[in-house]
Amino acid sequence: EAPADPAQSALAGLRLLIVDNSPTHRRALCQYAQRWGLRAAAAESGAQALAWLRQGQAYDLAIIDQCMPEMDGLRLGAEIAKLRGPQSFPLVLLSTLSTGKPAAEPTGAVFAATLAQPIKPAPLREVLLQLVRGPTQPEKKAAPGPKLDSTLAERVPLRILLVDDNP
């Protein structure tokens with residue numbers, strides 16, 4: 001993982017909802033969140049997360065596992081959107097590679113981003129920072145250089161002397 005940078009302070013103090021049925025994944029995500037200054041609450045099921053939201057608990061971001069028993073991540077995202085409406089916070093879906101859906105495939109307007117599992121800290125942090133900062137201006141691409149001239153050797157023949165002590 002890259003060292004902390006000043007941009008990371010954008011995450012400090014934000015409330016993060018983590019929903020994953022795997023205790024190992026929840027623990028790892030909570031450790032990342034703590035390292036980045038986020039205040040994390042980890043729910044083991046979609047029902048528990050919805051109960052917290054109905055009780056009025058507020059969050060700035062959420063990370064939701066796609067494959068959970070009883071209520072999968074897609075359904076939970078839809079329920080959060082219904083419950084919160086336009087006041088909903090950005091949701092990140094953690095997709096397993098075995099689902100048959102590519103990680104970059106859009107999952108509808110409910111999820112702001114999708115990441116493939118196993119999750120790596122650096123890409124996750126970058127996605128969270130992008131969601132907090134908002135969209136950035138795309139990088140300007142440099143003008144393409146001159147194309148390779150395949151007839152150059154015929155038009156300008158060169159003799160090259162190469163000297164090296166390694167045969």
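The values are calculated or read from the model by the stated rules, or taken from the named source; none is laboratory data. These figures come from a predicted structure and were not determined experimentally. Glycine also receives a Cβ, built like all others from the backbone with ideal geometry; neighbour counts cover every protein chain displayed.
Worth a mention:
- Residues being part of a loop (DSSP other than H, G, I, E, B) and over 17 Å from E79 (Cβ atoms) - total across the range 11-49: 8
- Among the criteria (1) of a type outside the set (S, T, N, Q); (2) part of a loop (DSSP other than H, G, I, E, B); (3) surrounded by 15 or more Cβ atoms within 10 Å (Cβ to Cβ); (4) more than 21 Å from the chain's Cα centre (by Cα), the one W52 does not fulfil is (2).
- Of all residues making up the range 55-87, the number that are within 21 Å of A28 (Cα to Cα) and either aromatic (F, W, Y) or surrounded by fewer than 14 Cβ atoms within 10 Å (Cβ to Cβ) (or both): 2
- Search result, residues across the range 51-94 that are among the polar types (S, T, N, Q) and modelled with pLDDT under 90: Q87, S88
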